[in-house]
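Single-structure report; data block below.
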Amino acid sequence: DTPEDQVERYARVYLIALVGGFLFPDKSNKWIQGMWFPMLLGDWDEIGRKSWGSAVLAGIYRELCTCSRLGAKQAGGAMFILQLWAWEHLPFLAPQDPREFWLPDDELRFVANPPYGFNCR
């Protein structure tokens, strides 16, 4: 019974949070870059025609280039994607034992859901 305009409004807020906080996060994880708002608040058909994977990859490359400069202290962007790629293509970097994911408060329990990309090989 929810009006369609309210559903669309909530969907747009969700997309803004997804794009700004997950695909293109900044180093503080508190702000969403304003350059995404015109694209996400525009026509729904245009959102689907964008190449979001290419944009995320370009963002990762830009952040890797930026953090390689002298004096850089951290990298931003979707570094979890780079981590997953590294775990898949360089298996010696990936955790091999689920017991490596201990909960901080109790040493007898380990995390039931290890991170994405975890493989028991």
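What the table below lists for this structure:
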read-out	value
Spin-label model distance (nm) - Lys73 vs Asp43, 7 Å beyond Cα toward Cβ	4.5 nm
Compactness index (Cα Rg / 2.2 N^0.38 Å), the range 1-47	1.25
Label-point separation, Leu57 to Ile32 (7 Å along Cα→Cβ), nm	2.6 nm
Sparse-neighbourhood loop sites, trypsin sites (Lys or Arg not before Pro) in the range 38-99 - DSSP loop, at most 12 other Cβ within 10 angstrom	Lys50, Arg69, Lys73
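Every number in this text was worked out from the coordinates using simple rules, so none of it is lab data. Keep in mind that this is a model prediction, so the values were computed, not measured. Positions of Cβ are backbone-derived with ideal geometry, glycine not excepted, and every protein chain shown enters the neighbour counts.
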